[in-house]
Amino acid sequence: MTLRRIATEEAFATPDQLAAYRLLGESGWRDPDVLFWRNVVAGQFDDIVEKLLDLGEGRIAAMDRHGVDVQLLALTSPGVQLFAPARASEMARASNDLLAQAIARHPGRFAGMATIAPHDPAGAVREMARAKDALGFNAIVVNSHTDGRYLDEEAFWPVLEAAEAMDLPIYIHPRSLPQQAATAYGALQLNGGIWGYAAETGLHAMRLIMSGVLGRFPNLKIVLGHLGEGLPWWLYRLDYMYDLQSRRLPRESNRKPSDYVRQNFWITTSGMNDADALRFCLAKLGTERILWAVDYPYQDAGEAVAFLDAMDLPRADKAAIFGGNAERLFRIPRQESIA
Ligand code: MN
């Protein structure tokens, strides 16, 4: 019996989203994500765009080619978070509907992360309820900061409260750093997947930990890609420096930063097809916290399958990382055979 492979950080785009990005690109706005998408929609990455827009046979064929059973899909970053709140919520609903239709057309092959507009908290909470109850989605995606603001800020607490109450994991997906912070990264093209995305998303995770919101919402489930955006590597120093600082700073609780990482976070292998790095994360966080992902179509599914296939791990661990952990965390139904 082959292992069931559920890829947990897979991207799609909608024509409306890309048309809206194109207009932002023409507006002269210097936001790093806007500049990135200006180049994409100008035709620099036509093959990627074609794959992002395909929620049908082409995508299924690519999955079949590499033995990917399920893609857990999210609207590609930065989703609707570039737009004003009301419009962003409207775009979120439209893209969630489009994704729900694709899931319905291909039973068992796709699962969904709901797009929300965090900066419209009331609208976001309504959409989360609709996504879970009416659309059957499995998580929500937040593409890191929104206008330079992060989920620990009180304005976003309704979103965190609802995610906890509805037991919807929040996948914090990278985007570029806010415009001012990005300046130091830009000239050497560091503000992307090479380093800036991890700096931005790791910061977001650390803000959730250090702000104390995970004490307020202790059952929140946070998912990070790219083997945890550097956090697993940093656990010792987080605790060491936190101890040092807490002689002067008020402590939110007697839990250490590493306790929060181990209790509230799950990490995926998206874009990190590195057996040594995965072994390190397994030692630090345990098998049950680690999920497999490709980051299709930005990275290669064949490589993501091959690196984990080739690892010398107990079969049960491999099964958990490839799919079992995703079935549990995201409530993706087990299916013996796909119709
Ligand atoms: Mn991604």
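Quick one: would you say R247 is open to solvent by 10 Å² or more (accessible area, probe 1.4 Å), among the basic types (K, R) and farther than 22 Å from H173 by Cα?
Judged against the criteria, R247 is a match.
If you filter segment 116-137 down to residues that are part of a loop (DSSP other than H, G, I, E, B) and open to solvent by 20 Å² or more (accessible area, probe 1.4 Å), you find that the one that is farthest from P78 (Cα to Cα) is A134.
Is at least one residue of segment 232-247 at negative phi, touching a residue at least 12 places away in the same chain (Cβ under 8 Å) and in contact with an Asp or Glu (Cβ under 8 Å, 6 or more places away or on another chain)? No: zero hits.
Per-residue answers, yes or no, for (1) farther than 14 Å from V70 by Cα; (2) within 16 Å of the ligand (Cβ to nearest atom):
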position	(1), (2)
Y260	yes, no
A275	yes, no
I290	yes, no
Y296	no, yes
R331	no, no
Q335	no, no
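Among the helices (runs of 4 or more DSSP H) contained in segment 160-225, which hold 1 or more residues that are open to solvent by less than 50 Å² (accessible area, probe 1.4 Å), farther than 29 Å from S246 by Cα and in contact (Cβ under 8 Å) with a residue 24 or more places away in the chain? Answer list for segment 160-225: 179-186. Within segment 81-114, the residues that satisfy the criterion of being within 16 Å of the ligand (Cβ to nearest atom) and farther than 22 Å from P333 by Cβ are Q81, S95.
Could you tell me whether A86 is assigned to a helix (DSSP H, G or I) and open to solvent by less than 10 Å² (accessible area, probe 1.4 Å)? So A86 fails the test. Quick check: is even one residue across segment 317-324 within 16 Å of the ligand (Cβ to nearest atom) and closer than 24 Å to F12 by Cβ? There is no residue in segment 317-324 that is within 16 Å of the ligand (Cβ to nearest atom) and closer than 24 Å to F12 by Cβ. If the condition is being within 16 Å of the ligand (Cβ to nearest atom) and under 18 Å from T146 (Cα atoms), then segment 1-20 contributes only Q17.
Within segment 60-71, none of the residues are without any contact (Cβ under 8 Å) to a residue 40 or more places away in the chain and in contact with a strand residue (DSSP E or B) (Cβ under 8 Å, 6 or more places away or on another chain).
Can you work out which of the residues in segment 1-46 that are part of a loop (DSSP other than H, G, I, E, B), farther than 24 Å from A100 by Cβ and of a type in the set (A, V, I, L, M) is nearest to the chain's Cα centre (by Cα)? If we take residues in segment 1-46 being part of a loop (DSSP other than H, G, I, E, B), farther than 24 Å from A100 by Cβ and of a type in the set (A, V, I, L, M), then L3 is nearest to the chain's Cα centre (by Cα).
One line per residue, one yes/no per condition, for (1) open to solvent by 10 Å² or more (accessible area, probe 1.4 Å); (2) more than 30 Å from A319 (Cβ to Cβ):
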| residue | (1), (2) |
| --- | --- |
| W29 | yes, yes |
| V49 | yes, yes |
| M63 | no, no |
| L82 | yes, yes |
| N96 | no, yes |
| A114 | no, no |
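The values are calculated or read from the model by the stated rules, or taken from the named source; none is laboratory data. In this text the structure is predicted, and so the values were computed from the model without any measurement. So basically every Cβ, Gly included, is an ideal-geometry build from the backbone, and we count neighbours across all protein chains shown. Protein only, heavy atoms only, side chains kept; ligands, DNA and RNA dropped before computing areas. Shrake-Rupley method; radii C 1.70, N 1.55, O 1.52, S 1.80 Å.
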